[in-house]
Each structure stands twice: as C-alpha cells, then as structure tokens.
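Okay, so here's the structure we're looking at.
The values are calculated or read from the model by the stated rules, or taken from the named source; none is laboratory data. Treat the numbers as computed from the prediction; the structure is a model and nothing was measured. All Cβ positions, glycine included, derive from the backbone under ideal geometry; neighbour counts span all protein chains shown.
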Amino acid sequence: VRAVAGTTWTLDGTSKEQTIGEVKERLVAEDQRFRTYRADLVLGSKVLGDAETLAQCNVGPGTRLAAVFSDLRAAVLVIGGGAAGRAALQDLSPAFQDQWIILVDTQEYFEHPCGILRAYADPASWENLVVPFEDAISRFPNVQFIQGEVKSLRPGSATVGSLSDS
C-alpha cells in the first residue's frame, strides 16, 4: 500500500479473505494517519469498500494500492507550536486524554529564540535550541503534529494545507 505522500507499507501475512477494513486496521499500528484521518484504499481509480475482501477486489501479492487520507478528526486544533502552543498542549493533553489534539505549524521544529546569542558564543548549545515537533510532542500520546498552514477556519472545521499549496 502506498500513501499519496509516498509512504509504502508491505502487508505480509494477509489472506484473500481479509476485508479492506481489516487491512486498514492493521495499518493503524504502522501509521497514525489511519487513526486520525478517514482513509480510503484505492486500486487504479476505484475506491475499495471496507466490507470487500481482498479477493473480491482482485488484490493479491504485489498489488499496489494507494492510501488517500482526508477529513482529519480532532477535538482541539492548536495553531502554532511556539511557547504558547506548547503550553496549550501541556494543559490540553491531560484534559482530552481520549481525543486527538492536532498541532499545526509551518515549521517542522520548535526553536528557543532567546538562546540564539548563546549559541553564537557556544555552538555546542545550538542543538538544544531547535527541537523537532515530533520529538517535542512524543510525551503526549494524543497529540498529532502536521506541518502545514491553516488555510481556513470555521466553527467545527479547519482546512490545513501544505506550504506548497499557497
């Protein structure tokens, strides 16, 4: 299975009797996007139904399926991963333990700008100034990071796009 973004998963040990829904459940353990987005598996131009078996869809060893992700679901959307965004995650993560919190930022890392002058004097401290968001949020099991930008915001919904969509 190949995600539209280019990630590839190999599904060893699947049987032709398994349903598309069961395959997607297996993929949840390998990629959080299957948990946080609605995911469709596509063969050619056909969207495969969750109740269809691999045999019914003519999917066998070596068949390439595409995974298309849409409709991100979350209880809270945090826009920006600066100091305020990170503080919000610390407070909100325990309050929404059983729901997803999504952090959206245009950068892939959090930076401590007040330490930049120190880094000029002590270059070894530079690595402590920049922390990838994936590392920074790893202690929050219900937080998902998306690098992108919020294109529109409406009650109950937001549109998040990649920076290249501008």
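Here are some notes:
Residue-by-condition table, conditions (1) out of contact with any strand residue (DSSP E or B) (no Cβ under 9 Å at 6 or more places or on another chain); (2) assigned by TED's automatic domain parsing to the domain that holds V143; (3) over 27 Å from P141 (Cβ atoms); (4) among the polar types (S, T, N, Q):
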{"position": "T7", "(1), (2), (3), (4)": "no, no, no, yes"}
{"position": "Y37", "(1), (2), (3), (4)": "no, no, no, no"}
{"position": "A51", "(1), (2), (3), (4)": "no, no, yes, no"}
{"position": "G82", "(1), (2), (3), (4)": "no, yes, no, no"}
{"position": "A87", "(1), (2), (3), (4)": "yes, yes, no, no"}
{"position": "Q99", "(1), (2), (3), (4)": "no, yes, no, yes"}
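- Residue check, F110 crowded, with 17+ Cβ neighbours inside 10 Å, assigned by TED's automatic domain parsing to the domain that holds W126, within 28 Å of E134 (Cα to Cα) and not hydroxyl-bearing (S, T, Y): yes
- Options V131, V104; residue that is outside any helix (DSSP H, G or I), in contact with a strand residue (DSSP E or B) (Cβ under 9 Å, 6 or more places away or on another chain) and closer than 29 Å to R26 by Cβ: V104
- Cβ pairs under 6 Å, 6+ apart, first in the range 118-134 and over 22 Å from V104 (Cα atoms) and not assigned by TED's automatic domain parsing to the domain that holds A87, second modelled with pLDDT under 85 and not in a helix (DSSP H, G or I): none
- Qualifying strands (runs of 3 or more DSSP E) (wholly inside the range 1-100; at least 2 residues being modelled with pLDDT of 90 or more): 76-79
- Any chance T7 is exposed (fewer than 15 other Cβ atoms within 10 Å of the Cβ), in contact (Cβ under 8 Å) with a residue 24 or more places away in the chain and within 15 Å of the chain's Cα centre (by Cα): yes
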